[in-house]
Amino acid sequence: MRWWDIDAVLALEHEMFPDDAWSPGMFWSELAHARGPRATRRYVVAEDPAQNDRLVGYAGLAAVGGLGDVQTIAAARDQWGTGLGARLLTDLLGHATAFECTEVLLEVRVDNKRAQKLYERFGFEPIGFRRGYYQPGNIDALVMRLTDPGNPANPVQGTEIHHG
């Protein structure tokens, strides 16, 4: 993801997460940590060549001290069932390995069963809850952990993810 992707990412962010969408400043801040020799973040976007390179997904990972954290991941609704979410997650786990992470955490809404199933397919296991994590709706988050990101349970090949 590069700065010129932010407007398209924000449009998809507001479509997918209308109640708790990230602000432009949050994305700018994350991208500020994604460059240079001391980078601790990796953000990627997916574009659909069949749709004039329309941005159809994005994902981000933070990594510090051997611990990775999936910050965000989203696929446009018209991409559900195409494997895009799995390709984005596979790409993030590759970056977690490059960052030498020994485990990866993530939070997912307790009512987002679709995403939970994706993470479980990759070997993520539930380890706890964060009460009221998603605001303003006061929705709980399920915390999940993958202990060997270099060997996910269901790796997906053939990603068409754009790095920036």
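Which value at 222 nm does the chain reach when only helices count, each DSSP H run of 4 or more adding -39,500 (n - 2.57), with the total divided by all residues and rounded to the nearest 500 deg cm²/dmol?
-8000 deg cm²/dmol
For the chain, with the dipole built from +1 on Lys and Arg beta-carbon atoms and -1 on Asp and Glu ones, taken about the Cα centre, which of Gly137, Ala63, Asn52 lies farthest toward the positive end?
Result: Ala63, furthest along the dipole toward the positive end.
Could you tell me which residue out of Phe17, Leu106, Thr147 lies farthest along the dipole of the chain toward its positive end? Charges go on the beta carbon: Lys and Arg +1, Asp and Glu -1, centred on the Cα centre.
Thr147
Hey, what's region 32-164 come to in accessible area per residue, 1.4 Å probe, Å²?
Numbers: 6840 Å² over 133 residues.
Here the per-residue accessible area is 51 Å².
Report the relative contact order of region 1-132, percent, no decimals, based on alpha-carbon pairs under 8 angstrom and at least 6 residues apart.
18 percent
Within region 71-96, list the residues whose amide N lies under 14 Å from a label point set 7 Å along Cα→Cβ of Phe17.
Output list for this probe position: 71-76.
Per the 1.4 Å probe, what fraction of the accessible area of region 1-145, in percent, lies on carbon and sulfur atoms?
Roughly 51 percent of what the probe reaches on region 1-145 is carbon or sulfur.
How would you rank 127-139, 78-90, highest first, on the average number of other Cβ atoms within 10 Å across their residues?
78-90, 127-139
What FRET efficiency, computed as 1/(1 + (r/R0)^6) with R0 = 22 Å and r the Cβ-Cβ distance, is obtained for Arg121 and Thr147, rounded to the nearest 0.05?
Numbers: r = 15 Å, r/R0 = 0.70.
For Arg121 and Thr147, the calculated efficiency is 0.90.
Calculate how large, on average over all directions, the projected area of the Cα convex hull of region 27-158 is; give the answer in nm² to one decimal.
That works out to 8.7 nm².
Please report, in debye to the nearest 20, how large the charge dipole of the chain is about its Cα centre when each Lys and Arg carries +1 at its beta carbon and each Asp and Glu carries -1 there.
Result for the chain is approximately 240 debye, rounded to the nearest 20.
Step through the residues of region 87-101 one at a time and calculate ³J(HN,Hα) from phi using the Karplus curve (6.51 cos²θ - 1.76 cosθ + 1.60, θ = phi - 60°), rounding each to whole Hz and writing x for Gly and Pro.
5, 4, 5, 4, 5, 4, 5, x, 5, 4, 5, 4, 7, 6, 6
Quick one: of the DSSP bridges fully inside the chain, what percent are antiparallel, nearest 5?
If we restrict to bridges inside the chain, about 90 percent are antiparallel.
The values are calculated or read from the model by the stated rules, or taken from the named source; none is laboratory data. Please read all numbers here as calculations on a predicted model, not as lab measurements. Cβ coordinates were reconstructed from backbone atoms using ideal geometry, including for glycine residues, and neighbour counts include every protein chain displayed. SASA here: full protein model, heavy atoms, side chains in, ligands and nucleic acids out. Shrake-Rupley method; radii C 1.70, N 1.55, O 1.52, S 1.80 Å.
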